[in-house]
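Chemist: The structure's right below; bear with me while I get my questions together.
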Amino acid sequence: MDEQTFHALYAATAKPLWAYIARVSGRPDVANDLLQETYCRFLTSQLGKRELAETKPYLFRIATNLLHDRWRNGEDTTWSEPPEIGCERDLDTQIDVRDLMQQLKPRERQLLWLAYVEGMTHSEIAKSTGLQAMSVRILLFRARRKAAELLGRKERAVHEV
Amino acid sequence: MKCEREQQVMEATRNGLWAPSLRAHVRDCAPCAQTELIADALQENAAKLERRLDLPPAAMIWRRAQTRRRADALQRATRRPFLIVGVLSALYSVVFLLWGLFQLPQPVYRLFITPPGLSGDVAFAAAVLSGILVVVGSSVLVLETRR
């Protein structure tokens, strides 16, 4: 892969990848480091001649492995995303989602993000996380139910206020 | 419980194109309603995150990867010679130990007086050399094993 191709790939994939790492780890400060490490590993893996459709799940797989490594080492076990200073607080989305993610387990955050933000199918999620497709189906169902309960509870509380 | 139209609901939340039949379906289907609720919230949050994001420059990552690739290549190139030296050192140390075993019953100075054809000086030099090689070889082997 030459530098121009990499720039194009980076422009197409870096933002969603950063958002995924930041939301799953709960550490925007760590997301920059992991993002760089993900692309470095991708470039040094000598598998750079893939199509974009194949590359994206592969990049998510590398990022997921890096997140797992951190969890195995006991890092990022707690959600530590700081409140956004000077940013308008949107009760319907921003705060809800941060609260929601904080209350979910890392695996649940991962599955929900890949399914609902990245629009991955169960088999693509399986490839990106190293889980079996059948496990993805079950775990995603549970995560969705839990997330819907939490979001619904929050929504009811906002409406009551 | 899973609905067959869940994928369509996710697509619709992503592109905003809701067919009337799908909209009607979501009103009556609990899993699809949950999907819409979560997908909407997460996608909006993702869009906000991405809008105010300040990413590291691609050129910097490219340079870092190139540096790492060169370091990896260098490591791969030097790995085999070091391994060969390590194995040879180990082999040499085994030979030396076997030779030393024959000398054990004799007094220390006689360790260096060896069978005909091998002088004391040569034996001493060999002992020093093998000692160095043992240390180097062991270190290399330990490092390689750890890697």
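Coordinate-derived values only; no laboratory data. Quantities reported herein were computed from a predicted structural model and do not represent experimental measurements. Here Cβ is always computed from backbone atoms with ideal geometry, including for glycine, and neighbour counts include all displayed protein chains.
Chemist: B:Gln7 to B:Thr78: FRET efficiency via 1/(1 + (r/R0)^6), r the Cβ-Cβ distance, R0 51 Å, to the nearest 0.05?
Modeler: So, using R0 = 51 Å, E works out to roughly 0.45.
Chemist: Label points 7 Å out from Cα along the Cβ direction at A:Met134 and B:Ser139: separation in nm?
Modeler: Label at A:Met134, label at B:Ser139, 5.4 nm between them.
Chemist: Over the Cα atoms, compute the radius of gyration (one decimal) and Dmax (the largest Cα-Cα distance, rounded to a whole number) for segment B:1-86, in Å.
Modeler: Cα-based Rg and Dmax for segment B:1-86 come out at 25.1, 75 Å.
Chemist: Please compute, for peptide A:6-13, the average count of beta-carbon atoms on other protein chains lying within 10 Å of each residue's beta-carbon.
Modeler: For this peptide, the per-residue mean of nearby foreign Cβ atoms is 3.
Chemist: From other protein chains only, count the Cβ atoms within 10 Å of every residue's Cβ in A:113-120, then give the mean.
Modeler: Whole-number average of other-chain Cβ neighbours for A:113-120 is 6.
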